[in-house]
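A.B. asks: Can you read through this structure? Questions will come right after.
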Amino acid sequence: MSPAPTKRYWTIRASSIHNRGVFARCDIPEDVPVIEYVGERITKAESKRRGDALIHKSKKTGCAAVYVFTLNQRHDIDGAKGRNPARYINHSCAPNCEAFIIRGRIWIYSLRPIKAGEELTYNYGFDADTWDEHPCRCGTERCVGFIVEEKQWPKLLKKLQKVEADAKLGKLGLNGGGSTSRRKKKGA
């Protein structure tokens, strides 16, 4: 991996994926650090407290952006604090960048050559257990509909198949013991 970038490869503007995005100012070669994800270093307990507060806010207002990035087992980075243009990099199921943690710092690297004007994206790597909380709007051919780490796509598929099967059973009145009844055994 290359050292820190020597020039600014990016600019921020309106995104078709979500609100604002980060775009390549010029052609970016493969495997170079494009931008550092910076912010306030916080404990896992503080990270959970802030996350819970954002969930509460989201339920009231319908929106609450989360910029907390896992750093290690003890700490996270809250990218909402301070100047952090990397927080505007959107998720994609077919990303052109990837995040790497290098000596306690989070760097966004290019996965392939990126053309000037192309939006920078990476896979946020959310867990499949919270799939329904994170719909994806990347619009790529590979989009799975939810922001989930690619390694967990098979797990997501099983969950989606179960939801679909439950919905079909519900239409037939067969889920949750619906219309079927059991007779008691004689003498019971």
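The values are calculated or read from the model by the stated rules, or taken from the named source; none is laboratory data. Being a predicted model, the structure only gives us computed values, none of them experimental. As a convention, Cβ positions derive from the backbone with ideal geometry for all residues, glycine included, and neighbour counts pool all protein chains shown.
A.B. asks: I'm checking my understanding of the structure. Among residues of region 9-56 that are assigned to a helix (DSSP H, G or I) and of a type outside the set (D, E, K, R), which one is surrounded by the fewest Cβ atoms within 10 Å (Cβ to Cβ)? I'd like the intermediate steps shown before the answer.
C.D. replies: First, the residues of region 9-56 that are assigned to a helix (DSSP H, G or I): 44-56.
Adding the requirement that they be of a type outside the set (D, E, K, R) leaves 45, 47, 51, 53-56.
Values: Ala45: 9, Ser47: 19, Gly51: 15, Ala53: 11, Leu54: 17, Ile55: 12, His56: 11.
Going through the qualifying residues, I end up with Ala45.
A.B. asks: Can you give me the number of residues within region 121-165 that are surrounded by 13 or more Cβ atoms within 10 Å (Cβ to Cβ), over 14 Å from the mean Cα position of the chain (by Cα) and touching a residue at least 40 places away in the same chain (Cβ under 8 Å)?
C.D. replies: 1
A.B. asks: Anything in region 66-118 that is in contact with a Leu (Cβ under 6 Å, 6 or more places away or on another chain) and either surrounded by fewer than 20 Cβ atoms within 10 Å (Cβ to Cβ) or among the basic types (Lys, Arg) (or both)? List them, or say none.
C.D. replies: Val66, Glu98
A.B. asks: Please determine, by comparing only the residues of region 79-98 that are modelled with pLDDT under 95 and in a strand (DSSP E or B), which one is farthest from the chain's Cα centre (by Cα).
C.D. replies: Asn90
A.B. asks: Sticking with this one: Got at least one residue in region 61-68 being modelled with pLDDT of 90 or more, assigned to a strand (DSSP E or B), closer than 18 Å to Ile89 by Cβ and within 17 Å of the chain's Cα centre (by Cα)?
C.D. replies: At the first step, the residues of region 61-68 found to be modelled with pLDDT of 90 or more are none.
Within region 61-68 (the criterion being modelled with pLDDT of 90 or more, assigned to a strand (DSSP E or B), closer than 18 Å to Ile89 by Cβ and within 17 Å of the chain's Cα centre (by Cα)), the answer is no, since none of the residues qualifies.
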